[in-house]
Amino acid sequence: MIKRSYLFALIPALLYVSVAKADDYPIMKAVAAKVVQKYQNASCEDLAAQKKQPPTDMEKRAVQALRGNPQMRTEFMNIVAAPIANKLFECGMIP
């Protein structure tokens, strides 16, 4: 009976930790959503033109922040990788 009560006490704690973890990087998640939206709404010609332009200072800072925080980088890539890869494939920018 005591083991069962510990189990029931552990479940809410695990749920709290998982919910708290989901909101670790709210700003990064908003930026990732904007990046995905940008790729989904852009034409192939727009993407080709943007690829030729040098990165802005804000983009450089964002990349530097992602390089400095592997956990945040992993979450960012999990959000943006598939939509970006699909768009680039549709545009013939990746084989």
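Structure above, values below:
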item	result
Selection count where residues are within 10 Å of the chain's Cα centre (by Cα) and touching a residue at least 12 places away in the same chain (Cβ under 8 Å), scope region 24-51	8
Which numbered condition Gly92 fails, given (1) in a helix (DSSP H, G or I); (2) modelled with pLDDT of 90 or more	(1)
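The values are calculated or read from the model by the stated rules, or taken from the named source; none is laboratory data. Only a predicted model underlies this, so the values are computations on that prediction, with no experimental measurement involved. Note that we place each Cβ from the backbone using ideal geometry, even for glycine, and neighbour counts take in every protein chain shown.
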